[in-house]
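Below: one structure, written as structure tokens.
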Amino acid sequence: MWSLIIKGYIMKEIIIDKEWIKQSQLKSKEMGTLNNSITKGDGNLSGFIGEMMALSCLPEAKLLNTYDFDIIYKDNKLDVKTKRTKVAPREYYDCSVAAFNTKQKCSHYVFTRVLNDFSKGWLLGWMPKDEYFNSSRLLKKGDRDGDNGFIVKSDCYNLPINKLYDIEELV
């Protein structure tokens with residue numbers, strides 16, 4: 001694991017362990033397609049891998065995988081949000097939380113990115129849930145994201161990676 005430092009902001013690059021992929025494949029198959037899934041269940045595997053990456057950086061964290069949050073760490077209820085990618089993330093890329101997930105009873109979000117080939121990923125950072133929604137911008141389904149031209153598939157709240165807190169501040 002090594003860190004990529006961007007203007008004082010640190011994101012951690014993590015080589016994905018083959019065992020994480022195996023465990024995540026089993027969990028993904030077991031889970032099936034969730035209601036309201038933007039990717040129709042296609043993102044389950046990368047989502048579970050994102051959780052494994054977060055666990056690898058948070059000593060004594062416990063994976064629970066409830067509807068409301070994924071990990072308990074120091075009395076914090078962390079929900080891990082993962083995006084798949086073809087390239088290493090840049091500081092201005094957005095993290096997203098789907099609008100239908102705003103009622104989850106987590107206390108913090110942890111954001112990750114995983115390469116499509118599952119060779120490596122990045123632990124981008126974290127933010128308390130309330131602060132995230134106060135700082136993010138709402139995009140509606142069909143909106144064109146001005147930063148990258150992506151057509152939004154579902155209402156979501158977006159925030160650039162460089163606005164997140166370094167994972168070391170949560171540890």
Strands (runs of 3 or more DSSP E) lying entirely in the stretch 87-160 (those with 3 or more residues that are of a type outside the set (Phe, Trp, Tyr) and open to solvent by less than 30 Å² (accessible area, probe 1.4 Å)): 94-98, 108-115, 120-128, 156-160
Odd one out for Ile38, checked against (1) loosely packed, with under 15 Cβ neighbours inside 10 Å; (2) at pLDDT below 90: (1)
Residue list for the stretch 91-112, restricted to those being under 19 Å from Ile151 (Cα atoms) and either free of Cβ contacts under 8 Å to residues at least 60 places away in the same chain or charged (D, E, K, R) (or both): Asp94, Ala99
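The values are calculated or read from the model by the stated rules, or taken from the named source; none is laboratory data. Computed from a prediction, not measured in an experiment: that's the story for all the values here. When we count neighbours, we look across all protein chains shown, and the Cβ atoms used for this are built from the backbone with ideal geometry, even at glycine. Keep in mind that these areas ignore ligands, DNA and RNA; they rest on the heavy atoms of the full protein, side chains included. Shrake-Rupley method; radii C 1.70, N 1.55, O 1.52, S 1.80 Å.
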